Amino acid sequence: MKTILLMIMALGVGPSPGPGDLVRCGAGKDGLPEFHADAFDDYRASKVLLEKESLYHYIRVTESGGVRYMQFRRSGGEYEESAINLADPLSFEMGYYGLMMAAFAHNPDPNSVLFIGLGGGTLSMAIAHYYPDAQIDNIELDPDVAAAAKEFFGLREGPRMKVYIRDGRVQVRRFVREKRKYDIIFLDAFRGGYIPYHLTTKEFIESIRMLLSPGGIVVNNLRPGFESYHYHRRTLASVFPLQWSYGSGSNVIVISAMGQTPPPKDALLAVAERIQKEKQFTVDLPAMIREGGMRDDYERKGPILTDDYAPTDVLRSIPRE
């Protein structure tokens, strides 16, 4: 915590609510931001720190009530990509950040972590705090997003924190050629509500699998409630025999692994209790493991996503009844 706070203070990034600032709530358990009844006034009161059209996104960085947000605008809508509580960076403002911490019940002592999709770098910095000896690599397509993460969210590169500005699939291929290995790979690359199609296909997931160290896991942030969710899950299942899911509502975190025999839930819970006590996570990891697991929460029969067939933007617009 102290390390992250010092980075933020060095940037002049600190809580700065004034008389005209209204407090915007954090995220609910489903990962969506929650607002007071005067949410519209809240939105108008937020300070706009950056508004820029990059090659890939229309980026906005706003601040309200001591929380800083990165948003992408697409088709008239605002999509919140990252958020950080300036006074307490380890207190996750977006619910799915906490859900992604379920990874550490499955792989509690990672030496190497890869993020595909940087956003504000909030989760990368939190993991660097909890695991200061781990190598954390981040792949981000948009250099303006990476620049905003550094200027407004406190991200700092160093020997154990690297940012690679390149398309995720291209950089993954490079890492495969370099024979890199990662204990945990987080897939969290969104473009205005949907995942770019070439980061969803079986061929891409197979290349991700090649980067895993023995016992490594892949962590996906997925949006249920749409037809695309079931395609994503089936595609992951075509590569990884084992899948666990955590959360519901607007975000489900799916953890995938190789192997034929999954660890018993009691064993995962014991690991979660141990690592929770050791790391003092701000989320309740044991409770998360109790509530999630190897759930039958997707339609297992049907087509998968391939390089020849991946209409993710269309499937994302088809609701499931």
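Between M210 and V170, what length in nm is gained on full extension when 0.36 nm per residue of separation is reduced by their alpha carbon distance?
Values: separation 40, 0.36 × 40 = 14.40 nm, distance 1.41 nm.
Taking M210 through V170 to full extension adds about 13.0 nm, to one decimal.
Using R₀ = 25 Å, calculate the FRET efficiency as 1/(1 + (r/R₀)^6) where r is the Cβ-Cβ separation of E178 and D133; round to 0.05.
Numbers: r = 21 Å, r/R0 = 0.85.
Efficiency at R0 = 25 Å is approximately 0.75.
Suppose we look only past 16 Å in the calculated P(r) of the stretch 201-321. What percent of the Cα-Cα pairs does that tail hold?
Details: 4720 of 7260 pairs.
Across the stretch 201-321, Cα pairs with separations above 16 Å total 65 percent.
Does the stretch 125-190 classify as rounded, prolate or oblate by the C-alpha gyration tensor (a ≥ b ≥ c root eigenvalues; a/c under 1.5 gives rounded; else a/b over b/c gives prolate, otherwise oblate)?
Working: a/c = 1.90, a/b = 1.14, b/c = 1.67.
Judged from the Cα gyration tensor, the stretch 125-190 comes out oblate (a/c at least 1.5, b/c at or above a/b).
How high is the relative contact order of the stretch 214-264? Use alpha-carbon pairs under 8 Å, at least six apart in sequence, and give a whole percent. Don't jump to the answer; show the numbers that get you there.
On the way: 72 pairs, mean separation 22.9, N = 51.
Here the relative contact order equals 45 percent.
For the stretch 95-315, what class follows from the C-alpha gyration tensor (a ≥ b ≥ c being the square roots of its eigenvalues): rounded when a/c is under 1.5, otherwise prolate if a/b is larger than b/c, else oblate? Intermediate values should be presented prior to the final figure.
Working: a/c = 1.41, a/b = 1.03, b/c = 1.38.
The shape class here is rounded.
Coordinate-derived values only; no laboratory data. Treat the numbers as computed from the prediction; the structure is a model and nothing was measured. With ideal geometry, Cβ positions are generated from the backbone for all residues, glycine too; neighbour counts draw on all protein chains shown.
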